[in-house]
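There's a structure below that I have some questions on.
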Amino acid sequence: MLIINCPLCGPRDHAEFTYVGDATKNRPKNGDSSNDNAWYDFVYLRDNPKGLHEELWQHSFGCRCFVKVLRNTLTHEIIATGMPKDNLILKEKGLELNV
Amino acid sequence: MTEVNTSKNSLRRQSGLAHVINYGQFGNVTLNGPSLFICERHPLTILQLDTNKSKTLTDISNLLNVEFPHTNTCNGDDKRRILWLGPNRWLIVEPEHECLQTLINNEFNSSEVFLTDLSHGKSTVRLRGRNARDVLMKGSGVDWHLNSFGADYCAHTKLFDLAATVDCRDIDVFDIYIARGFAEDFWGTLVDAAAEFGYQVD
């Protein structure tokens, strides 16, 4: 069982959450066709990283908020969680520097 | 003075569990008696309230005489209770005696307060006794220890694979709100989980 620490509800079983997708993708600013490549990348292209990965999950059986999760795809370890606006990788690097 | 529309109360609420509840003592009841007591709370008025206006919240709080709780907690007394469900979302529960929805709607602008009547859509089960937390542990990964989940805490979680809201009324007293359509299934699972401790259905 994976435990995801919801920023609002606290530690919960991952079965309460729904995987939403890659949190590293940024929505293109323009919706016009001149930006097709950016939209193609946003909608279809995904990396398959081995190691740290930022993901969006929704606490669908709880507060229904979106939660950003920093997960190690190799070990399934959940390293950090936060609100969608948080940059968890930067936070983690800050922690490492502080050690 | 607000006029309460009592005509809406003329529809009598039907229990979603009446046909599955068997009263008595079951399971591994010892000479000391059952360590769990289970009953249905019915009929209740259950309203979901959504608003992001803090001034409106304060006014509703004054009207209901209950403060709106913060994250993962609930406020209230034996009669009226408010549970936190999520950001800007609460559940108001009370034994049915007036049309609470009309009472609030008469006072507040409908574009600021969104009320959804869930009274017909929810079933409520009260679980109490010294092994109540052990039963909850079987159904959900929430930390049910007294230090983490004491009186006046609530959790909206997945309990026995069903979406449930659990309100800790007292140290070993829990009100569990479940979707009415799944109430029968939930009841069956709950009494199965309670059987090893011995339980009494009131």
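What nm value, rounded to one decimal, do you get for the distance between A:TYR44 and B:ASP59 when each label is placed 7 Å out toward the C-beta?
Once both label points are built, they end up 5.2 nm from each other.
Considering only B:SER111, B:VAL142, B:THR157, whose Cα is most displaced toward the positive end of the charge dipole of region B:84-195, charges sitting on Cβ of Lys, Arg (+1) and Asp, Glu (-1)?
Sorting the options by dipole projection puts first B:VAL142.
Go through region B:129-143 residue by residue and turn each phi into a ³J(HN,Hα) via Karplus (6.51, -1.76, 1.60, θ = phi - 60°); whole Hz please, and just put x for glycine and proline.
Rounded to whole hertz, the list is x, 5, 9, 4, 5, 5, 5, 4, 4, 5, x, 7, x, 5, 6.
Could you give the dipole magnitude of region B:44-118 about its Cα centre, charging the beta-carbon of Lys and Arg +1 and that of Asp and Glu -1, in debye to the nearest 20? Before the final figure, lay out the partial values.
On the way: 6 positive and 11 negative charges, 50 e Å.
With Lys and Arg at +1 and Asp and Glu at -1, about 240 debye.
So the label point goes 7 Å from the Cα of B:GLN25 along Cα→C-beta, right? Which residues of region B:172-202 then have their backbone N under 16 Å from it?
Only B:195-202 pass the distance filter.
Note down the magnitude of the dipole of chain B about its Cα centre, charges +1 on Lys and Arg C-beta and -1 on Asp and Glu C-beta and zero elsewhere, to the nearest 20 debye. Mind dumping the intermediate values first?
On the way: 19 positive and 26 negative charges, 26 e Å.
Around 120 debye, computed over chain B.
How big is chain B along each principal axis, measuring the range of its Cα positions in Å and listing the largest first?
Here the spans come out as 55, 39, 27 Å, largest first.
Sticking with this one: Evaluate E = 1/(1 + (r/R0)^6) for B:LYS79 and A:MET1, where r is the Cβ-Cβ distance and R0 equals 35 Å; express this FRET efficiency to the nearest 0.05.
Calculated transfer efficiency: 0.35.
Next question, about the same structure. How much length is gained on full extension from B:MET137 to B:ASP161, taking 0.36 nm per residue of separation minus their Cα-Cα distance? Mind dumping the intermediate values first?
Working: separation 24, 0.36 × 24 = 8.64 nm, distance 1.26 nm.
Additional length available on full extension: 7.4 nm.
Assuming a ≥ b ≥ c are the square roots of the Cα gyration tensor eigenvalues, decide whether the protein assembly as shown counts as rounded (a/c under 1.5), prolate (otherwise, with a/b larger than b/c) or oblate. Mind dumping the intermediate values first?
Details: a/c = 2.21, a/b = 1.39, b/c = 1.59.
Oblate.
Please count, across region A:3-98, the pairs of lysine residues with Cα atoms under 19 Å apart that sit 8 or more places apart or on different chains.
Taking region A:3-98 as the scope, the lysine pair count is 11.
If you don't mind, there's one more thing I want to ask. Under the Karplus relation 6.51 cos²θ - 1.76 cosθ + 1.60, θ = phi - 60°, what is the ordered set of whole-Hz ³J(HN,Hα) values for region B:150-165, x standing for Gly and Pro?
Karplus values, whole Hz, x for Gly and Pro: x, 4, 6, 9, 9, 9, 9, 8, 9, 10, 6, 6, 10, 5, 9, 10.
Suppose every Lys and Arg Cβ carries +1 and every Asp and Glu Cβ carries -1, with no other charges. What dipole size does the protein assembly as shown come out with about its Cα centre, to the nearest 20 debye? Let's see the in-between values first.
Values: 31 positive and 39 negative charges, 41 e Å.
Charge dipole, the protein assembly as shown, about its Cα centre: 200 debye, nearest 20.
No lab work stands behind these numbers, since they all come straight from the coordinates. Nothing here was measured: the structure is a model prediction, and the numbers come from that model. Glycine also receives a Cβ, built like all others from the backbone with ideal geometry; neighbour counts cover every protein chain displayed.
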